[in-house]
1. Once you place label points 7 Å from the Cα toward the Cβ at R192 and R153, how far apart are they in nm?
2. Can you pull the one-decimal nm distance between simple spin-label points at F289 and D323, each 7 Å off the Cα toward Cβ?
3. Given R₀ = 22 Å, FRET efficiency for E60-K357 by Cβ-Cβ distance, to 0.05?
4. If you take the beta carbon distance between D306 and A203 as r and set R0 to 45 Å, what does 1/(1 + (r/R0)^6) give as a FRET efficiency, to the nearest 0.05?
5. What is the order of L143, L209, L171, fewest Cβ neighbours within 10 Å to most?
Amino acid sequence: MAEERRGAWFGFGFCGFGQALGSGRGRQVHSPEPLRAPGAGLDVCRVSASWSYTAFVTREGGRVELSGFAVGAAGGCRDAWASEELLVVLRAGPGPGAGTELQAWAPGSALRGEPLWAQTVPEAEREDGPVGDETQAGPLPLLPCARAYVSPRPPFYRPLAPTLRARRLELGAEHALLLDAAGQVFSWGGGRHGQLGHGTLEAEPEPRLLQALQGLTMAEVAAGGWHSLCVSEAGDIYIWGWNESGQLALPTKSLAEDGKTTAEASGLNEDGSEVKTGAGGEDGAPASFIAVQPFPALLDLPLGSDAVKASCGSRHTAVVTKDGKAVHFTLGKYGQLGHKDTTSLDRPCRVKYFVDKQLQVRTVSCGPWNTYVYAVEKEKS
């Protein structure tokens, strides 16, 4: 039986501040490249990217390394979450039995001196004891207690209603998505781009259940700048919100005007060969342009692939399929789609680099204008 080798992280997209995207020295990295220092040589288990810097968390020793406009390092960390306003880390509290401490730092502090504020957070608990792995709270900005989350703007520590048993929480530029223990999705915040998925452009001050997805069990959620996505347990993708750059993989006028819409885009067959696809609806009729999709729309992936992971940037989307092939779509202005250029797409397209290298993608993490991918290769039996 083939054994899986240790994987590696790859980065591509905007690198104007030296965010450790790869070996390239330019402001843009157009094709996936293995991470260079500080990521190189470290067993990185988590990547959180903001616009101007990236936080890397190592598996051994829980070390956080910052690269880009903000630099610095700290040990004893379980998780880190990067935003332009705050760098948030979860660290072991001072002294034995001190629990876990939430710390918020100014990104330019280099993790030195004292944090802006710190707070001890409880671990998640059930009525009958500790929460099991199947309902364990996800990464930051959701806290381990699963009853509160971190916001980059005051108030930084925000409690959730006791009735919400959160499993994962994602923040967009103006909205939030929550996946609960039962696989239901809630959204709240600004809705002017349809990113809440309730069929209107109105804001929601409190978490509201997405009625359109009720009865479907979701396994993942992802929030972009002004769009949203979730992956069902069956591997289906539902996506909604702003489609100005094609980030929903739906026809968009901006790309059509630039001559970069589906009509001129190429995809990949199962063997990695290129295939052209045409635009338009049935009988060759022109496709309708979609600027805002206020309800969740079911997205068809190439060749009927099932999705397992997803992440969203400001105006791009990345999906990992069950077969380990990464799919990207939308604005590629800085090479964040990984297709060797800055071409933008308004439909799913596999990243040829990983197909050619026979790498299987395991997870993906999007920054606002860049993408990080963890991939492995299998030894021959």
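1. Reported label-point gap for R192 and R153 is 1.1 nm.
2. 3.4
3. 0.25
4. Working: r = 34 Å, r/R0 = 0.75.
The computed FRET efficiency comes out at 0.85.
5. L209, L171, L143
Only the coordinates and a few stated rules stand behind these numbers; no lab work does. The shown structure was predicted, so the numbers you read here are calculated from the model rather than taken from an experiment. Quick reminder, even Gly has a Cβ in these numbers, built from the backbone with ideal geometry, and neighbours come from all protein chains shown.
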